[in-house]
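Worksheet: the structure to be examined is printed underneath.
Values quoted throughout were computed directly from the atomic coordinates according to the rules given, and no laboratory measurement underlies them. The model shown is predicted, which means the values in this text are computed figures rather than measured ones. Note that each Cβ is placed from the backbone with ideal geometry, even for glycine, and that neighbours are counted across all protein chains shown.
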Amino acid sequence: MGRERLPLRVLTSFVYDSNRKSPYLSFSSTNYKYEIYADTGTGKAYSNIILFDWAVFLTTDIPLLIHDSFLFKNVENEAVAKMMSKYQEFQKQTFIAIDEIQKYGKEAVAVIDEHTVLQLSDKDVLYIKDWRNKEKS
């Protein structure tokens with residue numbers, strides 16, 4: 001399988017729009033910078049992490065990608081909805097944990113529901129022991 005060439009600019013334009021600034025990655029002999037000029041918001045920072053992960057995932061032989069729900073919580077709902085449609089396009093294995101899916105809209109919910117393999121809830125926990133309950137010794 002050939003590697004896709006998806007610069008951060010293309011991925012940013014997919015999630016946001018073509019007028020949004022994309023993150024910039026630069027290296028020196030002793031340091032690196034991954035930043036977006038004039039946009040230092042928390043949501044954009046988490047979005048930039050996801051975009052960087054995607055770029056590395058899609059341009060290398062890394063076989064899988066895992067993202068946890070804390071990455072999505074501060075990102076704009078519309079951006080997360082677009083991300084869900086991008087995840088389904090990947091030709092390699094991805095795992096995401098996401099909650100509160102209704103806030104991302106009907107299309108995102110449909111994509112998530114179609115690709116859900118495991119759904120946890122207060123009653124359906126992953127392990128036998130419910131680690132949320134504190135037992136006294």
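General observations
- Packing rank of 118-127, 22-31, 8-17, 43-52, where each peptide gets the mean count of other beta carbons within 10 Å, highest leading: 43-52, 8-17, 22-31, 118-127
- With the simple model of a label 7 Å out from the Cα in the direction of the Cβ, Asn19 to Ala38 spans 1.2 nm.
- Placing R0 at 25 angstrom, the Cβ-Cβ distance between Asp61 and Lys106 gives a FRET efficiency of 0.10 after rounding to 0.05.
- Mean Kyte hydropathy of -1.0 or more with a Cα span along the axis of at least 30 Å, helices from DSSP in the chain: none
- When its C-alpha radius of gyration is set against 2.2 N^0.38 Å (N residues), the stretch 2-71 gives a value of 1.15.
- Labels on offer are (1) 40, 29, 11; (2) 20, 18, 14; (3) 29, 19, 17, and the one holding semi-axes √(5λ) of the Cα gyration tensor in Å computed from this structure is (3).
- Total lysine pairs under 27 Å (Cα atoms) in the stretch 8-115, excluding pairs fewer than 8 apart on one chain: 28
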